[in-house]
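Heads up, the thing below is written out as structure tokens.
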There are 2 protein chains.
Amino acid sequence: MVKRENSKVTIYDVAREAGVSKTSVSRYLGGRYDELSDKTRKKIELAINKMEYRPSTMARGLKSNKSYLIGIIVADINNPYTTAILRGAEDICSQNGYNLMICNSDNNPVKERGYFEMLLSHRIDGLIIHTTGGNHDMLKQMQDQKTPIILLDRKVPDLEIDTVGLDNFQATSQAVNYLVNQNYERIAFFSEPASKVSTRYERRLSFQQTLLSHGHPSSKDVYEVNVDDLNDVDSKLQHFLDDSEGKARVILTANSVVLLKLILLLQEKKLSVPKDLAMIGFDNPEWSTIVYSGITTIEQPTYQIGVAAMEMILRRIDGNESPAQTMAYQAKLNIRQTTPYIQK
Amino acid sequence: MVKRENSKVTIYDVAREAGVSKTSVSRYLGGRYDELSDKTRKKIELAINKMEYRPSTMARGLKSNKSYLIGIIVADINNPYTTAILRGAEDICSQNGYNLMICNSDNNPVKERGYFEMLLSHRIDGLIIHTTGGNHDMLKQMQDQKTPIILLDRKVPDLEIDTVGLDNFQATSQAVNYLVNQNYERIAFFSEPASKVSTRYERRLSFQQTLLSHGHPSSKDVYEVNVDDLNDVDSKLQHFLDDSEGKARVILTANSVVLLKLILLLQEKKLSVPKDLAMIGFDNPEWSTIVYSGITTIEQPTYQIGVAAMEMILRRIDGNESPAQTMAYQAKLNIRQTTPYIQK
DNA sequence: GCGAATTTTGGTACCGGTTCCATTTTTATA
DNA sequence: TATAAAAATGGAACCGGTACCAAAATTCGC
């Protein structure tokens with residue numbers, strides 16, 4: 001471990017160069033120009049530019065008890081949903097002088113816990129989290145420390161926390177109503193296991209309720225699949241295919257990851273969409289426009305959700321103490337080629 | 001701006017609770033147990049657990065001049081290439097007690113510059129950058145401050161910096177050789193504007209050189225398109241289509257973004273792939289397996305590249321001062337359905 | 001031109017850790 | 001048991017900023 005020479009300029013160096021005290025430099029940095037004579041201000045400005053000085057966020061944060069860091073833990077950075085959210089969040093974040101620490105839990109509560117610890121150590125000013133649902137105690141701990149938290153997409157029980165996400169009931173029932181009107185006789189819902197993920201649970205529940213309200217027979221056609229095990233997905237898919245043989249049928253997927261796996265399997269089985277089976281999916285990945293000449297999707301305003309989450313946490317950091325609120329965005333149904341109208 | 005009560009536990013609180021000095025607690029935190037009696041160690045351990053104490057990375061870094069932060073500036077977080085790299089980098093990063101600050105420049109030098117400033121302020125211990133090529137001076141400045149830098153994928157001229165990426169010459173010539181052997185008469189290369197991006201330039205150059213070495217007539221079939229302007233892409237595509245009418249032809253795209261746009265246009269034009277036109281593309285997005293029953297791709301070991309970049313920067317942070325080196329990974333050609341053999 | 005009010009400036013403590021060094025306590029040796 | 005060596009411990013300075021308060025310099029009114 002070689003000792004690395006430290007060539008970084010400090011506030012003291014600048015003060016010396018400008019021939020003033022470091023208090024004055026600090027005033028300059030804080031933009032408190034009314035406490036500075038023009039002459040002093042110019043001298044400092046010159047010194048800073050000459051020395052390419054940049055104040056250390058660490059040192060600054062120590063005294064002021066702020067890190068200017070906002071943490072975001074996402075469940076799956078490979079998911080286009082996630083990256084769209086990140087863009088929205090980041091734009092607002094840097095516009096306001098904060099910086100984003102992005103963490104990817106991979107839907108793994110153990111990894112998530114590690115990031116919690118880490119972000120706590122960094123004394124982040126706020127946390128946005130797309131939670132696995134497995135670290136309830138950590139959320140509580142962070143809340144006890146008065147660090148604002150925003151839940152993204154997935155709710156947690158028992159804690160009063162702001163939530164930003166999709167209106168899953170509206171989104172799902174809109175889609176199901178559409179499918180019923182298109183005269184599908186069998187409508188299946190394929191999702192990853194709901195376990196502790198509220199979104200999946202809400203979508204499934206709404207799926208069943210909407211079908212029941214129509215007196216439709218499919219409210220039992222619900223499948224939970226493990227997307228990391230293609231055999232599992234295959235057997236569930238085959239079950240539905242056998243069970244609905246000869247009927248006008250459609251699969252609704254709870255996210256684009258499930259959609260992708262199902263399409264992969266359908267192609268292996270040489271089944272054609274929408275002839276043998278219709279498809280519709282939550283999320284609107286870029287490829288949904290080019291597969292099967294366009295897949296019908298339920299699109300979330302992802303960028304806007306990221307923006308809203310960040311705006312909300314900034315308000316909290318700024319001292320807003322109103323009761324926890326929930327923002328539910330409306331989905332947009334993109335009707336494309338994979339859900340044609342069925343003649344009775 | 002409401003004053004937020006600070007309920008965070010400090011080293012002093014722990015020391016008081018344990019009835020020892022904060023020096024001893026610091027020894028405990030640093031794992032220097034041989035300087036501590038068993039009794040003291042136990043008392044501290046107890047106090048830390050009881051109070052849920054977490055040392056502040058900021059405070060720690062101030063004295064030790066380390067932030068335990070590694071910055072990574074990526075050009076496009078929506079690109080699957082990017083997220084795969086991020087996963088590799090992150091895994092190694094957190095295994096080594098460092099944390100990653102992910103920044104998305106959106107291929108915009110102005111945004112990139114802002115992130116440079118920010119990361120410099122945070123006193124990051126190292127930087128991995130997929131650069132737009134527009135902030136040469138900032139790279140220089142960071143280098144002057146002895147902050148290790150690794151270039152990802154894209155090189156910059158005149159600076160001695162470690163580089164990790166694909167062997168673009170091997171990758172491109174492998175693909176071109178394959179296409180020539182498949183008997184394509186016209187082979188077009190579609191890329192975003194090379195400008196300051198070395199990767200694009202190298203792929204184009206290698207494309208032309210390989211064709212010339214075969215005496216193939218297509219070395220002029222090079223198109224630069226602006227992917228944010230679909231009309232531009234359309235006109236270039238149409239030009240190639242008209243120009244190669246009736247010939248066995250194929251398009252090689254320099255990345256998956258270009259590939260996606262072209263497919264979109266081909267579907268609008270009702271052209272079928274590979275019958276009317278064959279396709280092959282750099283990168284291997286998840287959807288490449290399901291479009292046209294599988295698109296032939298040139299796959300990079302993305303995860304491995306992310307791992308290698310992070311490992312290299314950790315070595316640099318650790319004091320390795322050997323001359324700047326370049327790591328070029330081999331690509332893998334995934335032969336699928338969109339590049340059939342052409343009978344002469 | 002002088003005292004008071006105002007503006008400008010700098011000294012110093014502090015934030016939460018680490019590190020150096022001196023002091024105290026324990027252990028080993030004679 | 002006394003003494004030296006080793007182990008354990010704590011006090012204080014320091015890292016690079018900010019903030020409070022007192023001192024110095026300037027401006028103002030008469």
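Residue order for A:PHE169, B:PHE240, fewest other beta carbons within 10 angstrom first, comes to A:PHE169, B:PHE240. Rounded, prolate or oblate: which fits the range A:100-154 when a ≥ b ≥ c are the square roots of the eigenvalues of the alpha-carbon gyration tensor, with rounded for a/c under 1.5 and prolate only if a/b beats b/c? The shape class here is rounded. Position B:GLY319: other-copy label points at 4.8 nm, ordered by increasing distance, label point 7 Å along Cα→C-beta.
When restricted to Cα atoms, the range B:145-218 yields an Rg and a Dmax of 15.2, 54 Å, respectively. Counting Cβ atoms of other protein chains within 10 Å of each residue's Cβ and taking the mean over peptide A:240-250 gives 0. Taken over the Cα atoms of the range A:30-135, the convex hull encloses 127 Å³ per residue. Taking amide hydrogens as placed 1.01 Å from N in the peptide plane, the amide H of B:GLU299 sits under 5 Å from those of B:LYS332, B:LEU333, B:ASN334, each at least 5 positions away in sequence or on another chain. Let me make sure I get this right: for the protein assembly as shown, a, b and c are the square roots of the gyration tensor eigenvalues over alpha carbons, sorted descending. Under 1.5 in a/c it's rounded, otherwise prolate if a/b > b/c, else oblate. Which is it? In terms of gyration-tensor shape, oblate. What separates the A:ASP228 label point from its copies, with the point 7 Å along Cα to Cβ, is 3.8 nm, written shortest first. When N is the residue count of the range B:96-222, what does its C-alpha Rg come to as a fraction of 2.2 N^0.38 Å? In units of the 2.2 N^0.38 Å rule of thumb, it is 1.31. For the range A:197-265, the set of trypsin sites (Lys or Arg not before Pro) satisfying both a DSSP loop assignment and a count of at most 16 other C-beta atoms within 10 Å is given as A:LYS247. List the distances, in nm to one decimal, from the label point of B:GLY19 to the label points of the same position in every other copy, shortest first, placing each label point 7 Å from Cα along the Cα-to-Cβ direction. Here B:GLY19 shows inter-copy label distances of 5.9 nm. Among B:LYS332, B:LYS111, B:LYS50, which one shows the biggest mean-square fluctuation in a GNM of chain B, springs joining Cα atoms closer than 10 Å? Top of the fluctuation ranking is B:LYS50. Among beta bridges from DSSP that stay inside the protein assembly as shown, the antiparallel ones total about 10%.
Straight-line cross-link partners of B:LYS261 among the aspartates and glutamates, defined as a Cα under 15 Å from its Cα and at least 8 positions apart when in the same chain: A:GLU286, B:GLU192, B:GLU224, B:ASP228, B:ASP229, B:ASP232, B:ASP234, B:ASP283.
Cross-link partners for A:LYS22 among the lysines, with Cα-Cα distance under 24 Å and sequence neighbours closer than 8 places in the same chain left out: A:LYS8, A:LYS39, A:LYS42, A:LYS43, A:LYS50, A:LYS63, A:LYS66, B:LYS63, B:LYS66. According to the square roots a ≥ b ≥ c of the eigenvalues of the Cα gyration tensor, what is the shape class of the range A:165-307, taking rounded for a/c under 1.5, prolate for a/b larger than b/c otherwise, and oblate for the remainder? Verdict is rounded for the range A:165-307. The relative contact order of chain A, computed from alpha carbon pairs under 8 Å that lie at least 6 residues apart in sequence, is 17 percent.
For B:VAL250, A:VAL307, the sequence from fewest to most other C-beta atoms within 10 Å is A:VAL307, B:VAL250. Annotation: for a label point projected 7 angstrom from Cα along Cα→Cβ of A:LYS63, residues of the range B:43-81 with backbone N closer than 20 Å are B:56-66. Kirkwood radius and radius of gyration were both taken over the C-alpha atoms of the range B:11-55, and their ratio Rg/Rh is 0.90. Rank B:GLU112, B:GLU202, B:GLU17 by mean-square fluctuation in a GNM of chain B with C-alpha springs under 10 angstrom and give only the top-ranked residue. Between B:GLU112, B:GLU202, B:GLU17, it is B:GLU17 that shows the largest mean-square fluctuation.
Among B:LEU120, B:LEU271, a tally of other beta-carbon atoms within 10 Å of each Cβ gives an order, fewest to most, of B:LEU271, B:LEU120. Each Cα pair under 8 Å and six or more residues apart adds its separation to the average, and for the range B:11-55 the resulting relative contact order is 43 percent. Rg over Rh for chain B works out to 1.13, both radii taken from alpha-carbon positions and Rh defined as the Kirkwood radius. Taken one residue at a time, the phi angles of the range B:288-299 give Karplus couplings (6.51, -1.76, 1.60, θ = phi - 60°) of 5, 7, 10, 7, 6, 6, x, 9, 5, 9, 10, 8 Hz. Gly and Pro are set to x. Counting only residues at least eight positions apart within a chain, or on another chain, the lysines with an alpha carbon under 16 Å from that of A:LYS220 are A:LYS236, A:LYS247. Across the range A:175-229, Cα pairs under 8 Å and at least six residues apart give a relative contact order of 45 percent.
Since every read-out is calculated from the coordinates, none of them should be taken as a lab result. Remember, it's a predicted structure, so these values are computed and weren't measured experimentally. No Cβ is skipped: glycine too gets one built from the backbone with ideal geometry, and neighbour counts run over all protein chains shown.
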